[in-house]
Amino acid sequence: MTQHVKYLTQLTHVTELGSTEQEELRLVTDKFALRSNEYYQQLIDWTNPDDPIRRLIIPALEELDEWGRLDASDERRFTVVPGLEHKYADTALLLVNDVCGGYCRFCFRKRLFMNDNQETVRDITQGLEYIRGHQEITDVLLTGGDPLMMSAAKLESIISRLRDITSVKVIRIGTKMPAFNPARIIDDEQLLEMIGRYSMPLKRIYIMGHFNHPRELTKAARKSLQLLFKAGAVVVNQTPLIRGVNSDPVTLSDLFNELSHLGVPSYYVFQCRPTIGNRTYAVPIEEAFAIFVKAQSRCSGLASSARFVMSHESGKVEVTGLTEQHIFMRYHRAANPQTHGRCLVFNRKPTAHWLDDYYSDDAPVG
């Protein structure tokens, strides 16, 4: 295995699909880009049309359903200089890349992979100067796109400059490469050495992993995680709850448990954002939370560490409980510091997919 896998960007490259299906799905890929690779394609059970790995990466006609908006969390509102978002006082987000090892069909940033995207930047000088001038920022997330699609040298040029900013203690790298192409990590000693240099005892590099289904935890994926541990990185996992992928308690609990056995805490489970094209992948909030709670009931305390949240424009809204009549939420993180920790109580609405759906009919009842 090498990190130089063949990437698939056209439906004709997916030879497991028949010509008729390729032609039908071209309507989808004309709108939302396709990207996969040979390693990840081999994880699909092509005899099962509902295979969860297939659902993660292969287009579906239902993506053409009219629903949602392109920037469902209004990220552009928090863009303070090109390529940098500053939503929470202590955290900045740098969009350093506009390509991934594969394009998740439910991606909430699919706008970055469209021709007119200008949100990512090649030169992050303005972003670094902004961070340097705002010493309240102690945590910087590198994302995009997937930063691990960059060469180790290019990634080091960013991380080394962040390490020169004394107020920055934590550097996070958001990546799905341990799932999409673990050889990217296994075969790149330069990358691992670089992480070892800059993940320091008092200033760690965190790898924000993105495993959505237990079958992604292959032998190679597990090896890549162990190498990241050995290099000194802290690895956690986050996943949205996706219809037909991990939307049953057994699958979700298996994911939590297997990650915990590897030493990878589950950080967040996200409500699928109401992004254009995502209707077929989204589960209503109340149904999703019930799945999440039942999954956690099948886990040890260490395996049930995740929070179920919405990355809403106003902040990370954690769903904390359901009764027959009410749903309870809390601002785990808030764009407006005055609302941090605020609790919300709404009458239940089983069709709701997003916080706005509750406000559309009623004000909070508490």
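Here are the numbers for this structure:
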{"read-out": "Other-chain or far-sequence residues with amide H under 5 Å of HIS326's (modelled H)", "value": "ARG348"}
{"read-out": "3J(HN,Hα) from dihedral phi, the stretch 201-209, Karplus parametrisation 6.51/-1.76/1.60, rounded to Hz, x for glycine, proline", "value": "x, 10, 9, 7, 9, 9, 9, 8, x"}
{"read-out": "Computed over the stretch 268-366, the ratio Rg/Rh where both radii use C-alpha atoms and Rh is Kirkwood", "value": "0.95"}
{"read-out": "Interchain or long-range residues, amide H under 5 Å from PHE211's placed H", "value": "GLN238"}
{"read-out": "q = 0.07, 0.09, 0.10, 0.14 Å⁻¹: log10 I(q)/I(0) that the Debye formula gives for the chain, counting C-alpha atoms only", "value": "-0.29, -0.50, -0.63, -1.31"}
{"read-out": "In order through the stretch 226-242: 3J(HN,Hα) via Karplus (6.51 cos²θ - 1.76 cosθ + 1.60), integer Hz, x for Gly, Pro", "value": "4, 5, 5, 4, 4, 6, x, 7, 9, 10, 10, 10, 9, 8, x, 8, 10"}
{"read-out": "Cβ-based exposure ranking for CYS100, CYS343, CYS272, in which fewest neighbours within 10 Å come first", "value": "CYS343, CYS100, CYS272"}
{"read-out": "The chain - charge dipole about Cα centre, Lys and Arg +1 at Cβ, Asp and Glu -1, debye rounded to 20", "value": "1120"}
{"read-out": "MRE, 222 nm, helices only [DSSP H, n ≥ 4, -39500 (n - 2.57), over the chain, to nearest 500]", "value": "-8000 deg cm²/dmol"}
{"read-out": "Residues of type aspartates and glutamates that LYS31 reaches as a straight line, Cα spacing below 20 Å, ignoring anything fewer than 8 places off in the same chain", "value": "GLU21, GLU23, GLU62, GLU63, ASP65, GLU66, ASP71, ASP98, ASP116, GLU119"}
{"read-out": "Part-to-part distance (alpha-carbon centres) for the stretch 65-116 and the stretch 134-172, which is given in Å", "value": "17"}
{"read-out": "Least to most buried among TRP67, TRP354 (fewest other Cβ within 10 Å first)", "value": "TRP67, TRP354"}
{"read-out": "Amide H partners (placed H, <5 Å) of PHE308, local residues excluded", "value": "VAL269, VAL319"}
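Each reported figure results from applying straightforward, stated rules to the coordinates on display, with no laboratory input. Since this is a predicted model, take the numbers as computed values, not measurements. Because the Cβ atoms are built from the backbone with ideal geometry, glycine has one as well, and the counts that use them run over all protein chains shown.
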